[in-house]
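Peer 1: Submitted below is the structure of interest, expressed as structure tokens.
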Amino acid sequence: MKLIRSLSVYTFILFLNATVSFFIFSITTHKLSPVDLGIIYLYNSFTILLVPFIGVGIQFLLSVDYFKMDKAAFRLQFSNAIMLPVISVLVFTVVFLLLYFPLRNFIPFRFFFTLILPFSCFLVIMNEIILNLIRNKEKHFLFATYSIVRNLLEVGLTLLLIVVVGMNWQGRLWSALVTGITSGIIIFYLLRSWELLDKNINKSAIKKIFLTGVPFMPERLGVFVLAYSASFFIKYYKGTSDVGYYGVGMQISTIVNISILALISAFHPFIFKNLSGEPNYRNVKRATLVFIAISFCVTLILILFLPLLFKIFIGKEFQAGQIYARYLSIGYFFWSIYAVFLSYLLFLKKNRTIMSISIVGMTVSIILNFFNVKYFGALGATYTCIGVNFLMAALMIFFVHRNYNLRKIFRTSGVVAINKMPGI
């Protein structure tokens, strides 16, 4: 019942926010040109690319450490971990300042948005961290309030700046920045009230956290390569307008992605708890199967209703994005299988294994996109998405099996002890 209640809360909040975001997205498809949407999508893609280098995986480390450390130890761990993105922001801001003119030929952003990009990534990371903390503390009402208010603020600003003021793509980037800064103020208040900010910063502890988090960087980069790097291939081979059409399909297929994020929020902590102490593998098995089943149903329903969604909500100029949404949704389903089994390796802190899978996925994705986008255009990027997500899901299951012996887990009917097999 506790899992069902948690899942219900997170699913409701994420889909409520998604509904509001979809509403504003629908309006932008009637107000912005394909080039405008292409620029917005490229900026978001570049943010996803930079976040792993800024955060160094501390979002995942802190989420797991919350369950493994006492309050005093976690406070020190948290304060030292936060220093990593602070240092990274300073370094990357200087780099972007020095390399602005070469970067300007690579990304179509103005000086201010290029320079502020590392700070924007820092705000994204802090938002992920606070959501994980609220989730782990099981403060469902706070999670709902924070998420809804943040989403409504961003939507309101987007409407004001794009529809009323007419700022086009700049209005969307400004609304995201202002929302992030406002959220940062709230996050600082919560961290202070929870007494998680300690002045005793230890350089050796920061170094240790950095070395522990480095293997998560390829895993997060894998998210960029799998889902967002295609935009740069499309821009190079076909132009910014095609990025806009592809971005529309990506936005619609994100409905599947959002459902997976909701499932992760509810199921990952549940799986962690049932793997700790005396493991309850029956609960782990049920959670895994339910996770995959829900993902499959959401994917199927979305694909069936795509024609209706595009007809009602998407501007006529962007109807070509429907085929991209269909294939990308299938790719996201395979990612859901990867995501649920990822929790097993996260619990064991098999960071090197996760890194290895991510590196394989990134390499294959880049190679496939080089050929697929060149010969099939934006549609080729969707072929890459399906193939690579399937490969990574298969690899994740293989390595989880090496560590847990999935045959025993999925045949168990109660609380049993399983001898973990050595993994890489």
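No value in this document is a laboratory result; all are computed from the given coordinates. No experiment lies behind these values; they were computed from the predicted model shown. Note that we place each Cβ from the backbone using ideal geometry, even for glycine, and neighbour counts take in every protein chain shown.
Peer 1: Name the lysines eligible as straight-distance cross-link partners of LYS311: C-alpha to C-alpha under 18 Å, and not fewer than 8 places from it in the same chain.
Peer 2: LYS31
Peer 1: What residue among ALA394, PHE313, MET167 has its Cα farthest toward the positive end of the dipole of the chain, where the charges are +1 on Lys, Arg and -1 on Asp, Glu, each on the Cβ?
Peer 2: Comparing the listed Cα positions along the dipole, ALA394 ranks first.
Peer 1: Go through 405-411, 345-351 and give me the packing order, highest mean Cβ count within 10 Å leading.
Peer 2: Ranked by mean Cβ neighbours within 10 Å, highest first: 345-351, 405-411.
Peer 1: Measure out, as a whole number of angstrom, how far apart the alpha-carbon centroids of segment 221-279 and segment 299-340 sit.
Peer 2: Between the Cα centres of segment 221-279 and segment 299-340 lies a distance of 13 Å.
Peer 1: Still on this structure: P(r) of the chain in 10 Å steps, Cα pairs, percent per bin?
Peer 2: 4, 20, 33, 29, 12, 2, 0
Peer 1: Moving on to the next point. Which shape class applies to segment 119-221: rounded if a/c is under 1.5, otherwise prolate when a/b exceeds b/c and oblate if not, where a ≥ b ≥ c are the square roots of the Cα gyration tensor eigenvalues?
Peer 2: Prolate.
Peer 1: Next question. Starting from 0 in steps of 10 Å, tell me what percent of the Cα-Cα pairs of segment 231-328 lands in each bin.
Peer 2: With 10 Å bins starting at 0, P(r) equals 15, 33, 24, 17, 10, 1.
Peer 1: Hey, another quick one. Below 8 Å between Cα atoms, with a sequence gap of 6+, how large is the relative contact order for the chain in percent?
Peer 2: Relative contact order for the chain comes out at 23 percent.
Peer 1: Please list, or write none, the lysines whose alpha carbon is within less than 21 Å of the alpha carbon of LYS207, excluding same-chain residues fewer than 8 places away.
Peer 2: Correct list for LYS207: LYS68, LYS199, LYS349, LYS350.
Peer 1: Here's another thing I want to ask about it. Given only helices, namely DSSP H runs of n ≥ 4 each adding -39500 (n - 2.57), what is the per-residue ellipticity at 222 nm of the chain, to the nearest 500 deg cm²/dmol?
Peer 2: Value at 222 nm, helices only, nearest 500: -28500 deg cm²/dmol.
Peer 1: Quote the relative contact order of segment 84-233 in percent (integer), defining contacts as alpha-carbon pairs under 8 Å separated by 6+ residues.
Peer 2: Dividing the mean separation by the residue count of segment 84-233 yields 20 percent.
Peer 1: Please report the spacing between the Cα centers of segment 78-92 and segment 347-394 in Å, no decimals.
Peer 2: After rounding, the separation between the Cα centres reads 29 Å.
Peer 1: About the Cα centre of segment 2-409, how large is the charge dipole given +1 on each Lys and Arg Cβ and -1 on each Asp and Glu Cβ? Please answer in debye to the nearest 20.
Peer 2: Dipole size: approximately 860 debye.
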